[in-house]
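Q: Pasting in a structure now, in C-alpha cells, and then I'll have a few things to ask.
The values are calculated or read from the model by the stated rules, or taken from the named source; none is laboratory data. Please read these numbers as outputs of a predicted model, since none were measured by experiment. Counting neighbours? That spans all protein chains shown, and the Cβs are built from the backbone with ideal geometry, glycine included. The accessibility values were calculated without ligands, DNA or RNA, using every heavy atom of the protein model including side chains. Shrake-Rupley method; radii C 1.70, N 1.55, O 1.52, S 1.80 Å.
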Amino acid sequence: MYNKYDFAGAIKQYIMTLGYTEPSYVIRRFLDVAQIEFLIEYLENIHTKKIAKREHTALLLNCYVKQQKIDNLSNFLAESSVESDLFDIETAIKVCRDLKHTDLALKLAEQKQQHEYFLKILIEDLRDYDKALEHIRSRVELEEKEKYVLEFGQVLMKVASKKLIELIQLLVKAHSVSIKMKERDAVLSKDDK
C-alpha cells in the first residue's frame, strides 16, 4: 500500500502491527512533510497503546506544532501524566519554547508545578520580571526561593532591584524565625529529658 502511495491505507495497516513492527521503521517512512498527518495518526496510536518512548512523544509534539494543531497539542499535554515514564515534561516544555509557543509552555510549566521552567520562561522569554518575583515570593517553598534567587538574582537585580531586595529581606527574616524556632525546640526537648 505504501509503495502504491495509499498512505492512509498503509498507516492503518501499520497501526495494526503495533507491538510487532519496530516503530522507527514506520516513522522513517512517514517523515516526509506531505505524510505528516499519517505520522501523527501513527504516533497517537503508539501513545494510546502505551508503547511510546520519550522520542515518540517529542516527535508527536513537534508534529502538532508544525501542523499548527495547537488544540491537539494542548489536549495531549493536559491528558498526559507527568508520572508516566512515557511523558517527559521537560521535553514538552522545551518543544513549546523552541517553537515559540511560550504561552503554552508557561501554562504547562505552571500546571505541572515546574517552577524552574516557569521562571525561565517568564524571565528569559517573556521578560515579565515582576510576575517571576511574585511567583518566587508566593508559590515556592523556602528552600527553593533561595535557589531561584541565586539562579536568577543577577538578572533580577538589574531590572527589578527594589523588589528583589524586598524578597531577600523576607528570606532573611524567614531564616531568622526558623533558627529561633529550632533553638526553642532544642531547649524544650532538653527540658523534657
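Yes/no per residue for (1) open to solvent by 90 Å² or more (accessible area, probe 1.4 Å); (2) not charged (D, E, K, R):
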| residue | (1), (2) |
| --- | --- |
| 105 | no, yes |
| 135 | no, yes |
| 142 | no, yes |
| 150 | yes, yes |
| 153 | no, yes |
| 165 | no, yes |
| 168 | no, yes |
| 182 | yes, no |
| 189 | no, yes |
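Q: Of 177, 65, which residue is closer than 30 Å to residue 34 by Cβ, part of a helix (DSSP H, G or I) and either open to solvent by 60 Å² or more (accessible area, probe 1.4 Å) or free of Cβ contacts under 8 Å to residues at least 60 places away in the same chain (or both)?
A: Answer to the selection: 65.
Q: Filtering segment 1-16 down to residues that are assigned to a loop (DSSP other than H, G, I, E, B) and touching a residue at least 12 places away in the same chain (Cβ under 8 Å), which residue is least open to solvent (accessible area, probe 1.4 Å)?
A: Going through the qualifying residues, I end up with 2.
Q: I'd like the full set of residues that are open to solvent by 40 Å² or more (accessible area, probe 1.4 Å), part of a helix (DSSP H, G or I) and more than 16 Å from residue 58 (Cβ to Cβ), limited to segment 26-44.
A: Result: 29, 33, 34, 37, 38, 41.
Q: Would you confirm whether any residue within segment 42-51 is aliphatic (A, V, I, L, M) and either over 26 Å from residue 103 (Cα atoms) or without any contact (Cβ under 8 Å) to a residue 12 or more places away in the chain (or both)?
A: Yes, some residue in segment 42-51 is aliphatic (A, V, I, L, M) and either over 26 Å from residue 103 (Cα atoms) or without any contact (Cβ under 8 Å) to a residue 12 or more places away in the chain (or both).
Q: Another question about this same structure. So is residue 121 in contact with a Leu (Cβ under 7 Å, 6 or more places away or on another chain) and surrounded by 13 or more Cβ atoms within 10 Å (Cβ to Cβ) or not?
A: yes
Q: Assuming residue 52 fulfils every condition listed in (1) assigned to a helix (DSSP H, G or I); (2) of a type outside the set (Val, Ile, Thr); (3) open to solvent by less than 60 Å² (accessible area, probe 1.4 Å); (4) under 25 Å from residue 93 (Cβ atoms) apart from one, which condition is it?
A: (1)
Q: For the subset of segment 83-93 comprising residues that are touching a helix residue (DSSP H, G or I) at 6+ places or on another chain (Cβ under 9 Å) and open to solvent by 50 Å² or more (accessible area, probe 1.4 Å), which member is modelled with the highest pLDDT?
A: That would be 90.
Q: Among (1) modelled with pLDDT of 90 or more; (2) within 22 Å of residue 71 (Cβ to Cβ); (3) among the charged types (D, E, K, R), there is one condition residue 144 misses while meeting the rest; what is its number?
A: Result: residue 144 passes all but (2).
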